[in-house]
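Below: the structure, in structure tokens.
Laboratory data are not the source of any read-out in this text; all were calculated from the coordinates shown. Remember, predicted model here, so these are calculated numbers, not experimental data. Cβ atoms come from the backbone with ideal geometry, glycine included; neighbour counts cover every protein chain shown.
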Number of protein chains: 2
Amino acid sequence: MHKGFILWFTGLSGSGKSTLSEHIIPLFKERGYKVELLDGDEVRTNLSKGLTFSKEDRDINIGRIGYVARLLARNGVITITAAISPYSAVRDEIRAYCDHEEVPFVEVYANATIDALAARDPKGLYKKALAGEIKNFTGVSDPYEAPENPEIEVRTDLETIEQSAEKIVTYLTSKGLIG
Amino acid sequence: MHKGFILWFTGLSGSGKSTLSEHIIPLFKERGYKVELLDGDEVRTNLSKGLTFSKEDRDINIGRIGYVARLLARNGVITITAAISPYSAVRDEIRAYCDHEEVPFVEVYANATIDALAARDPKGLYKKALAGEIKNFTGVSDPYEAPENPEIEVRTDLETIEQSAEKIVTYLTSKGLIG
């Protein structure tokens, strides 16, 4: 049986977590691996309806994603999570649980500057947030704690999606997590 | 890859859902299958902290268990759930989602009379509930909707645990779900 692992994306809204996830899923599937994507929005609907965007509720939401991701990964599934997950303490807590169960936890920091994201801004969210119209908007009116030692960092504002995906595949191959 | 499925226990508190689950897990593991148990209490801690025992919140809790069970089962895991799951509508909704994804959904009704459970009652819960001291206690002060057409019915008040387990194994074997 192939050993599952968690590919944990973290990064600001619009930094390319979901897009990059969708791009790499076929690369895993064509190698014959089982893959699940736990996307932020889908998970909020299925696991966390009613939770707010307060720090406490965000941590609960991320904890639930971590719990489900571990269940899947320990059964041989490559599990990708693509929620903002702004707080480092809860990410590190999930990493610790994974270490305990010997489930590899691969943190991918989707890094892009606020300026770059605000310039792109397809939904106009940064514009509104910068104008003070959205409360609890990560990176503008709410904290984002970047990972200090992520396994992988992709600069989605400077690299093409193919370059970022290549970095991820190269890392996973070097660690023997994919063949 | 072995095809996963969901073994969905439903029944009153104390009817033997968890005990029977723990008893059959080794029977699956010795055949080389991957197995996960989503127990009612564990799931409440990890997915549903803060939810009450109102009908609405119970349904949300059961819906979350169903979502996670489907994720696991569609990746080849035998997924056992052991929550009371008192309302038939939400159980049938999960069954419909499973049908849609071609994940076999096997409902197991752990049937025991209230009298038998109240006579056993190791934690004294039925005694308190019958005395009106516990609100929303399923089967006493809260509804329990028994399944009309469960794939398997075990009479945990009349059968030994080995007899109930045998029924389950026989059914699963006859359907080709385990070998």
Quiz item: Of A:49/B:3; A:135/B:49; B:17/B:128; B:34/B:128; A:127/A:175; A:167/B:49, which pairs sit farther than 32 Å apart, going by alpha carbon to alpha carbon?
Solution: B:34/B:128; A:127/A:175; A:167/B:49
Exercise. Just subtract the alpha-carbon distance of residue B:23 and residue B:51 from 0.36 nm times their residue separation and send over the number in nm, one decimal.
Key: 7.2 nm
Practice problem: Using label points projected 7 Å from each Cα along Cα→Cβ, tell me how many nm separate residue A:146 and residue B:30, to one decimal. | Solution: 5.6
Self-check item: For the protein assembly as shown, the Rg and Dmax computed from alpha carbons only, in angstrom
Solution: 22.7, 70
Quiz prompt | Restricting segment B:21-121 to GluC sites (Glu not before Pro) in coil, as DSSP defines it, with at most 15 other Cβ within 10 Å | solution = B:30, B:102
Practice problem: Please turn the phi angles of segment B:131-139 into ³J(HN,Hα) values with the Karplus equation 6.51 cos²θ - 1.76 cosθ + 1.60 (θ = phi - 60°), one per residue in order, whole Hz, x for glycine and proline. | Solution: 7, x, 8, 10, 7, 6, 9, 4, x
Quiz item: What is the local net charge at residue A:129, summed over the other residues whose Cβ is closer than 14 Å to its Cβ (Lys, Arg +1; Asp, Glu -1)?
Solution: +1
Practice problem: Round to the nearest 10 and give me the degree value, 0 to 90, for the angle of helix A:17-29's Cα axis relative to the longest principal axis of chain A. | Solution: 20
Practice problem: Stick to the Cα atoms of segment A:5-174, pair each with every other, and give me the Kirkwood hydrodynamic radius in Å at one decimal. | Solution: 16.3
Quiz prompt | Whole-Hz couplings from phi, Karplus 6.51/-1.76/1.60, listed for segment B:52-63; x for Gly and Pro | solution = 8, 9, 5, 4, 4, 5, 4, 5, 4, 4, 5, x
Practice problem: List the relative contact order of chain B as a percent without decimals, with contacts defined as Cα pairs under 8 Å and 6+ residues apart. | Solution: 32
Self-check item: Other-chain or far-sequence residues with amide H under 5 Å of residue A:83's (modelled H)
Solution: A:9, A:40
Quiz item: What is the spin-label model distance, in nm, from residue B:175 to residue B:89 if the labels are put 7 Å beyond Cα along the C-beta direction?
Solution: 2.5
Quiz item: By how many degrees, between 0 and 90 and to the nearest 10, does the Cα long axis of helix A:88-101 differ from the longest principal axis of chain A?
Solution: 10
Practice problem: Evaluate E = 1/(1 + (r/R0)^6) for residue B:123 and residue A:41, where r is the Cβ-Cβ distance and R0 equals 51 Å; express this FRET efficiency to the nearest 0.05. | Solution: 0.80
